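*Asks:* Please read through the structure below; I'll follow up with questions.
The values are calculated or read from the model by the stated rules, or taken from the named source; none is laboratory data. All of these numbers come straight from a predicted model, not from anything done at the bench. Because the Cβ atoms are built from the backbone with ideal geometry, glycine has one as well, and the counts that use them run over all protein chains shown. For the accessible areas, the whole protein counts, side chains as well, though only heavy atoms, and no ligand, DNA or RNA atoms are used. Shrake-Rupley method; radii C 1.70, N 1.55, O 1.52, S 1.80 Å.
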Amino acid sequence: MTDLKLLEHLETYLTEHRKNRFHDVLQERTKHFTVATEDVYQLHNTSAVMRTCDVFGIQELNIVEEVNSKSIDREIAMGAQKWVDLNRYGSVKHCIKDLKLNGYQIVATTPHTDDCELYDFDVTKKSCFFFGRETEGLSKEVLDEADCYLKIPMVGFTESLNISVSAAIILQHVTSKLKKTAINWQLTEQEIFEKRLDWCKKTIKSHDEIVERFYELKK
């Protein structure tokens, strides 16, 4: 109850437009799909993938930094770091273990394996789409652990796309297809509540002081 009262209090600091925007965006958010990047070299690529996740309503992004460890490029992410939940891992093994424990199938995106083309992908399964390094692609460990392999149909001489472009193509397709199903793909009421509270705190300047005063008055 206290957290609900806190949320209501914090929302008094927001404009009606901002509150309505939070509501509308959260109705389109999902954890049915998630994304993982593996040791991406170029910082702007990871940042662009985060922005793509936000655009297509993917609430969580998993970043494996077994070799490369960098900070999100705020300019490229365009503020998406406020709205997308970032899970960081020091190893592929740990990342995959967590994802599988949370019911995700591991989908390796690769142009070199003839398993499933994008248009045939079964969106009913809870899935994490793995994207690999710019030149090497996904590691053998991810490929060995993958439940399926996904490729984007290409008809030119070029055999691969930039990972942020690949992520955009895949996420646009699977989220559009998902929303035409009867699957309960949206966030739970509890998850929506938690995001409203989190986004309020990330939006309001000096929110720490406001929260502290709120609890002082409740004593």
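*Asks:* Report the full-extension gain for the segment Asp98 to Ala182: residue separation times 0.36 nm, less the Cα-Cα distance, to one decimal in nm.
*Replies:* Full-extension gain reported as 27.6 nm.
*Asks:* Please report, as a whole percent, how much of the solvent-accessible surface of the chain comes from carbon and sulfur atoms (probe radius 1.4 Å).
*Replies:* Solvent-exposed carbon and sulfur of the chain make up 49 percent of the total.
*Asks:* Would you calculate the separation in nanometres between label points at Asp147 and Glu8, each defined as 7 Å from the Cα along the Cα-to-beta-carbon direction?
*Replies:* It works out to 4.1 nm between the two label points.
*Asks:* Also: Using the Cα atoms of the chain, I'd like the radius of gyration and the largest Cα-Cα distance, Dmax, both in angstrom.
*Replies:* Cα only, the chain: 18.9, 68 Å (Rg, Dmax).
*Asks:* What's the extension gain from Glu66 to Thr203 if we count 0.36 nm per residue and subtract their Cα-Cα distance?
*Replies:* Length gained between Glu66 and Thr203: 46.1 nm.
*Asks:* At a threshold of 8 angstrom on Cα-Cα distance, excluding pairs fewer than six apart, so keeping six or more, what relative contact order does the chain reach in percent?
*Replies:* The normalised contact order for the chain reaches 25 percent.
*Asks:* Report the one residue of Gln81, Met154, Ile63 whose Cα lies farthest in the direction of the positive end of the charge dipole of the chain (charges on C-beta: Lys and Arg +1, Asp and Glu -1; origin at the Cα centre).
*Replies:* The listed residue farthest towards the positive side: Gln81.
*Asks:* Then there's this: To test your reading of the geometry: what angle, between 0 and 90 degrees and rounded to tens, separates the Cα axis of helix 16-27 from the longest principal axis of the chain?
*Replies:* Tilt relative to the chain: about 40 degrees.
*Asks:* Evaluate E = 1/(1 + (r/R0)^6) for His23 and Cys116, where r is the Cβ-Cβ distance and R0 equals 41 Å; express this FRET efficiency to the nearest 0.05.
*Replies:* That gives a FRET efficiency of 0.70.
*Asks:* Additional query: State to the nearest 20 debye the size of the charge dipole of the chain about its Cα centre, where the only charges are +1 on K and R beta carbons and -1 on D and E beta carbons.
*Replies:* It comes to approximately 780 debye.
*Asks:* Might you tell me the accessible area per residue for the chain, computed with a 1.4 Å probe and given in Å²?
*Replies:* Result: 55 Å² per residue.
*Asks:* Okay, next question. Along the Cα→Cβ direction, 7 angstrom out, place labels at Val165 and Asp85. What is the inter-label distance in nm?
*Replies:* Each label point is offset 7 Å from its Cα along the Cβ direction, giving 3.2 nm.
*Asks:* I've got another one for you. Using a Gaussian network for the chain with springs between C-alpha atoms less than 10 Å apart, which of these wobbles most: Thr12, Thr175, Thr124?
*Replies:* Thr12
*Asks:* Okay, next question. Heavy-atom accessible area of Lys126 with all protein chains present, probe 1.4 Å, nearest 10 Å²?
*Replies:* 80 Å²
*Asks:* Next question. Quick one: angle between helix 43-55 and the longest Cα principal axis of the chain, in degrees between 0 and 90, rounded to 10, please.
*Replies:* Around 70 degrees separate the two axes.
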